[in-house]
Each structure stands twice: as structure tokens, then as C-alpha cells.
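Below is one structure, written out as C-alpha cells; comments come after it.
The values are calculated or read from the model by the stated rules, or taken from the named source; none is laboratory data. The structure displayed is predicted, hence computed values, not measured ones. Because the Cβ atoms are built from the backbone with ideal geometry, glycine has one as well, and the counts that use them run over all protein chains shown.
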Amino acid sequence: MRGLGRVVWAWLLLLQLAGASHVVYENLLEVEAAAAAVPPSIVDPLLRTGYHFQPRKNWINDPNAPLYYKGWYHIFYQYNPKGAVWGNIVWGHSVSRDLINWVALKPALEPSIPSDRYGCWSGSATTMPDGTPAIMYTGVNRPDVDYQVQNVAYPRNTSDPLLREWVKPSHNPIIVPGGGVNATQFRDPTTAWRAAGGHWRLLIGSVSGSARGVAYVYRSRDFRRWTRARRPLHSAAATGMWECPDFYPVEAAGRREGLDTSVPGGGRPRVKYVLKNSLDLRRYDYYTVGAYDRRAERYVPDDPAGDERHLRYDYGNFYASKTFYDPAKRRRILWGWANESDTSADDVAKGWAGIQAIPRTVWLDPSGKQLLQWPIEEVEALRGRSVTLKGRVIKPGQHLEVTGLQTAQADVEVSFEVPSLAGAERLDDPALAGDAQRLCGARGAAVEGGVGPFGLWVLASADRRERTAVFFRVFRAAAAGSDSKPVVLMCSDPTKSSLNPNLYQPTFAGFVDTDISNGKISLRTLIDRSVVESFGAGGKTCILSRVYPSLAFGKNARLYVFNSGKADVKVSRLTAWEMRKPRMNGA
Ligand code: DQQ
């Protein structure tokens with residue numbers, strides 16, 4: 001008998017001895033029946049993602065040095081070749097023609113020199129003026145205190161488009177932590193960019209004092225000798241270690257086209273900059289949009305409160321991300337790591353842990369205040385059989401099943417219309433009004449609202465005991481003037497996603513900065529067996545959740561549209577596609 005079963009039967013015995021009531025006894029029988037339905041473990045291959053990036057086995061974390069070279073996309077990643085937990089870190093390496101079908105190569109970087117002897121940690125690629133990529137990465141060179149230095153590596157053979165061999169020149173390490181720098185928190189060099197006179201600049205993440213997050217600027221003429229600028233590019237109190245910083249230009253005014261990291265024009269109104277940091281304290285990726293003053297070598301967020309306001313790429317499970325400029329399609333692409341949310345013991349049992357989110361195109365929202373993100377167009381090549389619904393009204397308390405296709409591995413696009421916002425709840429608790437996560441925790445998918453919650457139940461069982469809800473909820477702003485915008489909350493609520501009790505399944509949420517006064521809002525959700533990756537309002541708010549259904553997997557996974565508010569919601573259009581499995585690193 002498995003663990004939970006043993007506990008239940010022990011309870012039953014105790015209760016019988018104590019003469020417990022018939023009702024309690026029946027409830028416990030129900031619990032036992034539920035426990036019996038839980039598969040023996042989450043090792044089932046039907047829970048292994050199908051079209052998200054992952055190696056054939058073992059642990060992965062941060063995406064490293066994404067680049068495009070001679071017709072091939074490259075992704076490197078933090079990889080443990082020996083197991084499904086973090087450790088023994090090398091740079092895994094895979095290549096692709098389309099960012100969807102991947103071929104695994106042998107690791108590109110492994111500890112081999114004194115300055116990376118205890119680990120080849122995260123880093124980035126920079127394209128040299130002759131088109132050759134260079135990799136800068138953090139090496140750990142002492143076993144005891146994680147002393148961190150920065151190394152460089154170059155391709156051995158530039159005529160190999162697969163860049164299979166990398167050489168570490170003997171002048172490594174090329175950057176060591178100098179005076180005043182915390183040598184145990186000094187890592188993850190960014191892609192370098194060209195400054196005046198063709199000199200190079202790059203950033204290294206760190207923390208100063210006990211908790212001031214810092215992005216140090218390093219300068220070089222020759223990519224070999226680097227010196228630290230006196231002042232950091234930017235820093236912010238109480239944010240802790242800035243891991244995996246990323247700094248890049250974006251076109252102002254909502255043009256979707258990406259910009260090369262070295263684009264001239266900092267300070268020109270056409271170009272804005274994005275600074276992203278992965279906050280080790282919180283394990284989320286935060287960014288601001290701002291201006292880069294090239295002369296002073298300082299970055300200033302447009303929103304003076306930007307460092308506290310916490311814009312995030314993704315309000316779910318998404319960390320240590322990195323962008324790159326894709327010259328083939330002139331776009332900027334974001335890669336981010338999604339960890340598991342099962343137990344380490346589960347990871348060891350299943351032999352793998354960690355995926356990369358679907359690469360996303362990123363560009364500046366026309367408001368200039370935030371980014372927009374959308375799955376790269378190539379993912380649509382995986383779409384197979386589809387079902388479309390149009391003009392279906394979902395009454396309060398009702399749900400509608402989308403039938404006619406399997407949905408354990410699917411792509412769903414839906415446009416909602418709310419005919420009236422009059423019944424929207426008031427948002428008058430200030431503690432909740434500014435905190436999407438808490439708001440969603442307090443008013444999750446099961447709590448009836450005014451306008452919403454409405455959205456999708458994905459990876460749902462036929463009896464809907466298991467379901468992951470991805471939904472919107474609309475509020476009237478507190479102390480509203482007649483012209484104040486309704487507040488839109490987007491949530492991913494996996495609290496009912498599995499009968500397995502040993503999972504970390506928090507609700508995730510973000511506000512959606514959209515004007516819903518015309519009643520319209522859209523949602524796209526990529527479902528892939530144990531990941532649910534959602535894009536609200538055309539990519540304004542994104543949430544990735546890892547879930548491990550114990551009933552709703554494989555052919556048993558169902559998809560519904562639901563409305564638990566008091567107002568009608570219309571599905572103007574919904575299309576769901578089955579998703580094919582691409583070539584994924586030989587798995
Ligand atoms: N992961 C790497 C570090 C980085 C961290 C080590 C972020 O370089 O700071 O695997 O997840």
C-alpha cells in the first residue's frame with residue numbers, strides 16, 4: 001500500500017476504535033479512492049514535455065549564449081551530465097534550423113582549465129566584427145568559496161556552422177573580481193556591445209554590501225583586457241544578487257523589429273533600452289524600460305519607481321532568461337528556464353529536470369511602458385488537427401468542453417468578449433490592490449466573482465476534479481473616478497491540477513495593463529503535458545506553470561472554457577490545435 005493509503009487506513013482504524021461516525025468514515029473512503037487514482041509516481045512519460053526544449057535526460061537550468069551562425073540557431077544551457085539535480089555544471093549545446101527541432105551536440109564547455117575547474121556557469125555570446133561568435137562565461141575556480149571569474153572561449157573552426165569545438169585561450173581568466181567586488185557573487189557576463197571608438201562594454205551581475213543589486217560595466221578595446229568602470233550601469237537597494245543580467249535596445253513606438261545589441265543610437269528617441277535581472281532573492285526575472293546614456297555609461301529607468309514596481313517577463317515559473325538578436329528574421333528572441341515543481345526525489349526517479357520555455361519574440365509595447373512577448377512564429381508549424389468555436393456565450397457558473405481533439409499537447413487561442421463590465425467587483429483592499437499574486441491567492445479560480453473568473457481549464461479530468469485554471473478577473477478600481485480603467489487580473493491557478501499531494505503548486509498572477517472597456521481580451525495557452533504557458537492580451541502578461549496531473553494526462557486530458565463570474569462571457573472565437581512533437585535532442 002502506498003504512503004497516503006497507509007495513512008488513511010491508520011486513520012480509519014483509529015476512528016473505528018473511537019466509534020467515529022458513519023459520515024466521517026465515508027469521507028475517508030472517498031479520500032482513499034482519490035489516493036488510489038494517483039499513479040504510482042510522476043515518472044510517467046506522458047508527463048514529459050513534448051515540444052518544449054529539453055535534453056534527452058538529466059538536469060538543465062539557465063539558457064546560455066543563444067546565437068545564430070551560418071544558418072543555424074544555437075542554444076547552450078547549464079547542464080548536469082551526471083544526473084537530474086543541479087551539479088557538475090557544463091554547457092550543454094544543441095543546434096536547430098528553426099528553433100523548434102533540435103539536435104544535441106556534445107557539451108561545448110566543460111571544466112578544463114584552472115579558472116573554470118569547479119564549474120562553467122552562465123554567460124553570453126557576442127558576435128565579433130568578422131562575424132565570429134565569442135562566448136564569455138563565469139568560471140568557478142576554487143572549491144571552497146565559489147570564487148567567480150570570467151573566461152572567454154572561441155570556436156576552433158569558424159567554418160563549422162555547428163560550432164562543435166570551443167577553445168579557451170591561455171590568457172583566461174580575462175576578468176577577475178577587483179577591489180570592492182564580492183568575489184563569490186560576481187557572475188553571468190552579458191553580450192558585449194560596441195561603444196564609441198569601437199570599444200567593447202559588457203555587464204557582470206553582483207551584489208554590493210548586504211543587498212544592493214548591481215550591474216558592473218566592464219570596458220575593453222580588444223576583448224581581452226577588461227577594466228571596470230568606476231560606477232555601475234545601474235544598481236538598486238534591497239534587490240540582492242543580480243544574476244544573469246541582460247541589457248539590450250528595443251525600437252521605441254511599438255515596432256516589432258528587433259535591434260542588434262550593438263545598434264548605435266543610445267540616447268536617440270527611437271531607441272529605448274531594457275535592463276533585466278534575475279533576482280536570486282526572489283527567483284524571478286524583473287525588467288525596466290529606460291534610457292541608456294552612453295557618455296555617462298548609466299542606465300535610467302523611465303519609471304522612477306521601476307526598480308520597485310516589479311515588471312516581470314513572466315509571472316510564473318521562468319528564470320535566468322536571456323535574449324539574443326536574430327539577424328535572420330530581424331527580431332529579438334527571449335529564452336527562459338522553467339524549473340520543475342515536483343520534488344527532487346521525483347526528478348531523480350524520472351531522470352530529468354528543467355525545460356526551456358518556448359522562445360518568445362519580444363518588442364516594446366506601443367505605450368513604451370512594458371514589453372510584449374509572443375511565441376516565435378515557428379512554433380505554429382507544429383500545429384495539427386484543430387477545432388474552432390465561434391460566438392458561444394458562457395453563462396455564469398457554466399463551462400463548455402472543447403471536444404474533437406486531444407489537448408494534452410495543444411495550442412489554444414481564444415478571444416473573449418464581456419458584454420457588460422457593470423458587475424465587476426470592487427478592489428477596495430489596498431493590500432490586495434497592488435499585489436496580483438495575493439489577489440489571485442485570495443480570489444482564485446474557484447471563488448465566484450462579478451466579471452470573471454473566466455478563462456480556460458486545461459489538463460482537466462472528465463470529472464474536473466483535476467484542472468489548471470488560466471483566467472481573467474476584472475475589478476473596478478478602488479475610489480474610482482468615472483474615467484478610471486477597470487483593473488484586469490490574469491491568473492494561473494494550478495491548486496487543483498493534481499491529486500498528487502507532494503507538489504509545489506502556487507497560484508501565479510499578474511495585472512494586465514490593457515483597456516478592457518470595450519469588453520475584449522484574448523488569451524493564448526500552450527499546453528504541453530506538464531507545462532502550461534499562457535499569454536494574456538497579446539503578450540502583455542505571461543504566466544508559465546509546471547503541473548503534473550495524476551488523472552488528466554495523455555488521452556484523458558480535457559479542455560474547457562469556464563465562467564465563474566456573475567456576468568455572461570462570450571467566446572468570440574476559440575481555436576485549439578493539437579501540437580506535434582518536434583525532433584527534440586534525440587529523445
Ligand atoms: N545559474 C548559474 C549561475 C547563475 C545561476 C549556475 C542562475 O551562473 O547565476 O548554474 O540560475
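Quick look at the numbers
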quantity	calculated
Positions within segment 175-193 being surrounded by fewer than 20 Cβ atoms within 10 Å (Cβ to Cβ) and either within 16 Å of the ligand (Cβ to nearest atom) or modelled with pLDDT of 95 or more (or both), in sequence order	Val176, Val181, Asn182, Ala183, Thr184
Residues located in segment 60-83, provided they are farther than 22 Å from Pro161 by Cβ and more than 12 Å from the ligand (Cβ to nearest atom)	Pro81, Lys82, Gly83
Within segment 84-128, considering residues that are among the aromatic types (Phe, Trp, Tyr) and either under 21 Å from the mean Cα position of the chain (by Cα) or surrounded by 23 or more Cβ atoms within 10 Å (Cβ to Cβ) (or both), the one farthest from the ligand (Cβ to nearest atom)	Trp102
Out of Ser367, Ser415, sole residue that is within 28 Å of Asp515 (Cα to Cα) and surrounded by 14 or more Cβ atoms within 10 Å (Cβ to Cβ)	Ser415
First in segment 78-95 and at positive phi, second anywhere and within 11 Å of the ligand (Cβ to nearest atom) and outside any loop (DSSP other than H, G, I, E, B), Cβ under 6 Å, 6 or more apart	Gly87/Asn80; Asn88/Asn80
Any hit, segment 134-143, residues being under 16 Å from Leu202 (Cβ atoms) and more than 16 Å from the ligand (Cβ to nearest atom)	yes
Residue selected from segment 239-255 under the condition aliphatic (A, V, I, L, M) and at pLDDT 95 or above, by the criterion farthest from the ligand (Cβ to nearest atom)	Val250
Selected residue (only one of Val418, Val412, Val458 is β-branched (Val, Ile, Thr) and farther than 30 Å from Lys581 by Cβ)	Val418
Residue that is assigned to a strand (DSSP E or B) and either among the charged types (D, E, K, R) or farther than 29 Å from Tyr68 by Cβ (or both), where the choices are Asp303, Asp260, Asp314, Asp285	Asp285
Of the criteria (1) within 16 Å of the ligand (Cβ to nearest atom); (2) among the basic types (Lys, Arg); (3) buried (at least 18 other Cβ atoms within 10 Å of the Cβ), which one Lys272 fails	(1)
Candidate set: segment 22-61, residues that are surrounded by 15 or more Cβ atoms within 10 Å (Cβ to Cβ) and among the acidic types (Asp, Glu); chosen: the one modelled with the highest pLDDT	Asp44
Strands (runs of 3 or more DSSP E) completely within segment 97-158 that count 3 or more residues being more than 27 Å from Gly586 (Cβ to Cβ) and in contact with a Phe, Trp or Tyr (Cβ under 9 Å, 6 or more places away or on another chain)	133-140, 148-155
Scan of segment 293-309 for residues that are modelled with pLDDT under 95 and either of a type in the set (Ser, Thr, Tyr) or crowded, with 19+ Cβ neighbours inside 10 Å (or both), ordered by number	Gly306, Asp307
